[in-house]
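Below is one structure, written out as structure tokens, with a few remarks after it.
The values are calculated or read from the model by the stated rules, or taken from the named source; none is laboratory data. Just so you know, these numbers come straight off a predicted model, no measurement behind them. In case anyone asks, the SASA skips ligands and DNA or RNA and just uses the protein heavy atoms, side chains included. Shrake-Rupley method; radii C 1.70, N 1.55, O 1.52, S 1.80 Å.
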Amino acid sequence: MSEIPPVEILGWIAASLTLVAVAMRTMVPLRIAILASSAVFALYGAMTDAYGIMALHLAIIPFNLYRLAQLRRSNDAAQRAREGDFSLDWIRSVMRPVKFSAGELVFRKGDPPHYIYYLQSGEVALDEVDVTLGPGEIFGEIAFFTDAHERTLTARCVSDCEVMVIREQDFARLHHQNPAFGIYILRLVASRLLEGISEHPEAYRPLTVLQRKRRGHGTDS
């Protein structure tokens with residue numbers, strides 16, 4: 001029985017690595033497996049004078065290195081978000097500014113949520129829980145995770161405020177696409193709910209039908 005040529009063995013190794021990559025469930029190991037497969041395929045192409053195969057896989061390698069670096073950065077950002085170290089400066093690029101005067105309501109308890117808010121300047125009070133928010137804070141996020149899909153508190157401007165707003169659809173997209181942002185928001189929701197319910201449980205009770213009729217059902221900005 002004749003021996004299998006080493007170059008043919010190399011081709012089978014490259015094919016096997018491709019199969020392993022296809023079977024991967026998580027992205028980082030998948031990218032690493034594709035890199036290994038491409039490197040072996042490029043070597044196989046060079047040894048067999050299959051320069052098209054060699055050129056293709058040499059071109060694939062830098063793309064996968066770039067994507068792998070992106071994944072690493074995303075995972076690092078997600079880890080920092082878990083530890084509470086997360087910058088929100090980037091979110092301003094996907095939001096639009098809205099100005100409110102002192103005493104003006106941003107939204108009322110029971111309103112349907114259309115936006116999430118980032119406080120650029122000024123102060124916003126959440127009257128039901130006696131909390132005042134300052135610049136750099138996100139608010140209005142809890143309503144997106146409730147079954148009733150309505151504001152759980154009232155947000156009132158203590159001073160003139162500049163608020164950055166993002167639409168519900170864009171918020172949902174960012175929440176799912178950016179793991180670090182998603183983790184930050186979930187931590188924020190959990191901490192605010194735990195603190196608010198422990199200190200002001202009555203504030204989170206839903207409005208009664210009579211209360212809704214008396215005050216009407218507004219919409220947030």
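Å³ per residue of the Cα convex hull, for region 1-50?
Per-residue hull volume (Cα only) is 68 Å³.
What does the extension gain come out to for residue 24 and residue 148, with contour length at 0.36 nm per residue minus their alpha carbon separation?
Net length gain for the segment: 40.8 nm.
In Å², and per residue, what accessible area does region 156-202 have when probed at 1.4 Å with the other protein chains present?
Heavy-atom SASA per residue in region 156-202 reads 54 Å².
Let me check something: with ligands and nucleic acids excluded, how do 194, 30, 186 order by accessible area (1.4 Å probe), largest to smallest?
Most to least solvent-accessible, the answer reads 194, 186, 30.
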